[in-house]
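Colleague: Have a look at the structure that comes next, please.
The values are calculated or read from the model by the stated rules, or taken from the named source; none is laboratory data. Here the structure is a predicted model, which means the values were calculated and not measured. As a convention, Cβ positions derive from the backbone with ideal geometry for all residues, glycine included, and neighbour counts pool all protein chains shown.
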Amino acid sequence: MIRASSATVHFPGTRMVMGAVCVLAAWQGLAAATTGALLVAGPLEVINHIAENAGLYARAVGVTLSSAAWGFLLGNLAAVVLAALAILRPRAQGVISGLALLTFCLPLVATGPILRVVFGPGEGPQITLAALAVYYTTYISVLVGLRAVPATWLDLVTSYGRGRGTALWRVQAYAALPYLVSGLQIAAPAAILGALVGEFTGAERGLGVLTLQAMRDLDVTATWAIASLAAVLSIMLHAGIGWIANRVLNEEPPLILAPPVARGKPNYSRSGAATGALTALIALSLWWGIAEISQLSSFFFKRPDDVWVFLVSSDTAAQNRAELTASGLETARALLPGYFAGLGAGAGLAILLTLVPGLSSVAMPIAIALRAAPIVTTAPLLVLVVGRGAVGSAVLVAVMVFFPVLIACLHGLSRAPGQVLDVMDSYAAGRWRTLIYARLPAMLPAFFGAARMTVPAAVLAVTVVEWLATGRGLGALMALSASLSNYGMLWSVTLVVAVSAVAGYAAVARLERAVLSVFASEQVQ
Amino acid sequence: MAPDRAPPPDIVCRALDKRFGDVEVLAPFDVTFEAGKTTALVGPSGCGKSTLLRLIAGLDTADSGELSIGGQTADAVRGAGGLAIAFQDASLLPWRTARGNVALAQRLARQPVDRVAIDALLNRVGLTGFLDTRPGALSGGMRQRAAIARCLITRPRLLLLDEPFGAVDELTRRQLGLELPPLWRSEGTTTVMVTHSVTEAIFLSDRILVLSPRPARVLEDVEVRLGHPRASEMMEQAEFIDAFKTVTAALERGEAQRQNALAAQ
């Protein structure tokens, strides 16, 4: 966490309306400019289309919302329980967080089809994927909240001879409520995204099914209509939760950008490598245990040793590895440029907005609202616009990374420590020199926090767009393996993607720690 | 005083008015700070001392009235690097070392960075051995020493101190109050300082203005008749005790007036 915990983001009504009008006008303008190209359906066209098919969309929205709501409930419940466990058992915190991250990094593109086989038709996969999509961000938010309690409050509980449980229940739970709300705000759109991806894997009803239909029929208006519906739903849920929280808690939920770089209390801490090894061991045992206990057919539910055979010891192992590597490289070619472009664009725009006074306070609510839009559902649109090449995937990854980074950087830029900005001002330092000497360095922790948190999101984006739209890379390989029942490959890709995402996350975290030790030394003990 | 530098300015405030929403902080406020002297502003919390300091520094603007610093505006003085301010929290950049923080001030004031002068000054404020340490690893007192060094390195004509030693313990506070002021006295600087501590005000200044609760008025204008450099033994001198009594009585008068005003409502 980059000291952003106590910061609040205001949602002034007029600014939101202004922002919405700007977005709609730009959209209508884009549609008008590209008439005939069959790429963009303007807002009026989309509203017309939805009105004409009101019954169809209402039913689909109902189905998707119901799956999302169940997933939201279950995922968040799990998150809160996990966070409480992590607080009560600080020694286990590293492992719990590690397992949670690993599960979060499982590619939905692969877990979807596997869950489909396990659950059969029905809402099971949608609900599970929605739960998987929400629990990590909530876990992080609640954990940050539980830890944000001043030590003296806990000492107070101890001074009355009460234990950890009492402290958790009487003090930390209340203190963490605003953080929980922040987590729930981010979780609502994520739940819709999870439900949609679940529906992509072969549901009978819901917005996801309509999306696939629209894509197959190259129905531009319907594609835009569904993406708009999903976006509006997400933004409304995000705002609605914020509004309710405001009423109940009487305070704005804090803006949570990223969890603190993992570190235990000194006397508890194992080395990072030991925690990593222990986490991997437990993950493997859980994987194997679930397979054995649930008695799922080893034809589609592969065990760790099956993956080993597939990738290392079977006759076709070399060929399997080659296929996986080729797809992996293809994915990396879209993922890495997209990721770095997203980082650069987010930070760059944040800096530009800061240079024009007043602009960043207008941009912030718009960016927060757009972050809530399930960007992955725009994949079909994006491919319509930029084509099926690696560029399309890269652009989507960039957009996915862009918003969280923009928000984090705007936030970081606005808060140089102490009265440093006044000191700058007392030398008449001006906008540029204040930016270079005070704001930019103060932004770095927020930037790196966002860079770390967006690694799994970027992996999710690239695999989904490859699966839904471009037909390349690991995303397509997973989809193909699922449809050909090549489960050895599907599980292998899943493992590789999850481990790579965790490794990427860890690499950024390492860099972040190095940066924080200089630029926010009070946060790294 | 250095020959290449304009003499310290006086500060003339005429009918300064500043309100934050409904709260009237300064309602026509008149005062003159003499050139080359150290003036302390003492008054109850929230009475407008810091606001006045921020107006002089050009960090805020008055709603009406005139403020002239040696005939110039605050902006002009700031722009020429003629002003330095220190706050209660040292406000050092956490990613720069003590040296780096001081060097930055020269850079911001558009002066050439003088490594030798920086090191000499840091040694003089008592940071020997900590020149390359980042603020996170410095004690509160050391951070304030570095902040004062940052203020002095640009050789400002006007030095503003907003409770500069407010965040450190009593012992350190007294030590800093004895060690550091001679550094800026020798430079011939107009100094305005805000403090809560009557003792500190007497020790550090030539003149004390006791301000009333909001909106601020000058209740008492006390001249401190102690020689320089100041020393702890001076606490026992009659001049010290007189000043202490006068200032304390004025503060109590202000509080009584506020209570009366509240009761009258």
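Colleague: Being modelled with pLDDT under 85 and in contact with a Leu (Cβ under 9 Å, 6 or more places away or on another chain) narrows it down to one residue among A:V307, A:V261; which is it?
Modeller: A:V261
Colleague: Among (1) within 13 Å of B:L152 (Cα to Cα); (2) in contact with a Pro (Cβ under 9 Å, 6 or more places away or on another chain); (3) facing another protein chain (nearest Cβ under 8 Å), there is one condition B:R134 misses while meeting the rest; what is its number?
Modeller: Of everything listed in (1) within 13 Å of B:L152 (Cα to Cα); (2) in contact with a Pro (Cβ under 9 Å, 6 or more places away or on another chain); (3) facing another protein chain (nearest Cβ under 8 Å), B:R134 misses just condition (1).
Colleague: If you check A:L129 against the conditions, is it buried (at least 19 other Cβ atoms within 10 Å of the Cβ), within 29 Å of A:S66 (Cα to Cα) and touching a residue at least 24 places away in the same chain (Cβ under 8 Å)? Please lay out each step first, then the result.
Modeller: Working: buried (at least 19 other Cβ atoms within 10 Å of the Cβ): yes; within 29 Å of A:S66 (Cα to Cα): yes; touching a residue at least 24 places away in the same chain (Cβ under 8 Å): yes.
Yes; evaluated as a whole, the condition is true for this residue.
Colleague: Could you tell me which numbered condition A:L39 fails, if it satisfies all but one of (1) modelled with pLDDT under 90; (2) farther than 25 Å from A:V385 by Cβ?
Modeller: Only one criterion in (1) modelled with pLDDT under 90; (2) farther than 25 Å from A:V385 by Cβ is unmet by A:L39, namely (2).
Colleague: Separate question: Mind checking which pairs have a first residue in the range B:62-81 that is among the polar types (S, T, N, Q) and a second that is surrounded by 16 or more Cβ atoms within 10 Å (Cβ to Cβ), Cβ under 8 Å, 6 or more apart or different chains?
Modeller: B:S64/B:L16; B:S68/B:I11; B:Q72/B:P9; B:T73/B:G58; B:T73/B:L67
Colleague: Please find, among A:A469, A:A503, A:A507, the residue that is modelled with pLDDT under 85 and more than 14 Å from chain B (Cβ to nearest Cβ).
Modeller: On the way: A:A503 fails: modelled with pLDDT under 85; A:A507 fails: modelled with pLDDT under 85.
On inspection, the qualifying residue turns out to be A:A469.
Colleague: Can you pull out every residue in the range B:56-73 that is assigned to a loop (DSSP other than H, G, I, E, B) and facing chain A (nearest Cβ under 9 Å)? Show your work before the answer.
Modeller: Step one: list which residues in the range B:56-73 are assigned to a loop (DSSP other than H, G, I, E, B), which gives B:58-63, B:70-71, B:73.
Of everything in the range B:56-73, those that are assigned to a loop (DSSP other than H, G, I, E, B) and facing chain A (nearest Cβ under 9 Å) turn out to be B:G58, B:L59.
Listed here are the residues, each with its yes/no results for (1) crowded, with 17+ Cβ neighbours inside 10 Å; (2) closer than 20 Å to A:C105 by Cβ; (3) without any contact (Cβ under 8 Å) to a residue 24 or more places away in the chain; (4) not assigned by TED's automatic domain parsing to the domain that holds A:G98.
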| site | (1), (2), (3), (4) |
| --- | --- |
| A:L278 | no, yes, no, yes |
| A:L281 | no, yes, yes, yes |
| A:S285 | no, yes, yes, yes |
| A:F299 | no, no, no, yes |
| A:D306 | yes, no, no, yes |
| A:A317 | no, no, yes, yes |
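Colleague: Inspect all residues belonging to the range B:33-46 and state whether any of them is within 14 Å of chain A (Cβ to nearest Cβ) and farther than 17 Å from B:T190 by Cα.
Modeller: Let us first name the residues in the range B:33-46 that are within 14 Å of chain A (Cβ to nearest Cβ), namely none.
No, because not a single residue in the range B:33-46 is within 14 Å of chain A (Cβ to nearest Cβ) and farther than 17 Å from B:T190 by Cα.
Colleague: Could you say which residue among A:V462, A:V493 is of a type in the set (A, V, I, L, M), within 18 Å of the chain's Cα centre (by Cα) and either away from chain B (no Cβ under 14 Å) or surrounded by fewer than 22 Cβ atoms within 10 Å (Cβ to Cβ) (or both)?
Modeller: Working: A:V493 fails: within 18 Å of the chain's Cα centre (by Cα).
None of the others qualify; the one that does is A:V462.
Colleague: State which residue is farthest from the other protein chains (Cβ to nearest Cβ) when the search covers only the range A:423-459 and only residues that are under 30 Å from B:R155 (Cα atoms) and charged (D, E, K, R). Spell out how you get there, then give the answer.
Modeller: First pass over the range A:423-459, keeping only residues under 30 Å from B:R155 (Cα atoms): A:423-442.
Of the ones still in play, those that are also charged (D, E, K, R) are A:425, A:431, A:433, A:439.
Working: A:D425: 5, A:R431: 13, A:R433: 6, A:R439: 11 Å.
Residue satisfying both the conditions and the ranking: A:R431.
Colleague: Looking only at the range B:197-246, which residues are assigned to a helix (DSSP H, G or I) and touching an Asp or Glu at 6+ places or on another chain (Cβ under 7 Å)?
Modeller: Matches in the range B:197-246: B:T246 only.
Colleague: Residues to consider are B:A76, B:A117, B:A84, B:A105; find the one that is at the interface with another protein chain (Cβ under 8 Å from one of its Cβ atoms), farther than 15 Å from A:R433 by Cβ and not in a loop (DSSP other than H, G, I, E, B). Working first, answer last.
Modeller: On the way: B:A76 fails: at the interface with another protein chain (Cβ under 8 Å from one of its Cβ atoms); B:A117 fails: at the interface with another protein chain (Cβ under 8 Å from one of its Cβ atoms); B:A105 fails: farther than 15 Å from A:R433 by Cβ.
Unique residue meeting the criteria: B:A84.
Here's the yes/no breakdown for (1) at pLDDT below 85; (2) not in a helix (DSSP H, G or I):
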site	(1), (2)
A:V391	yes, no
A:A394	no, no
A:M400	no, no
A:F403	no, no
A:L406	no, no
A:H411	yes, no
A:A416	yes, yes
A:V423	no, no
A:R431	yes, no
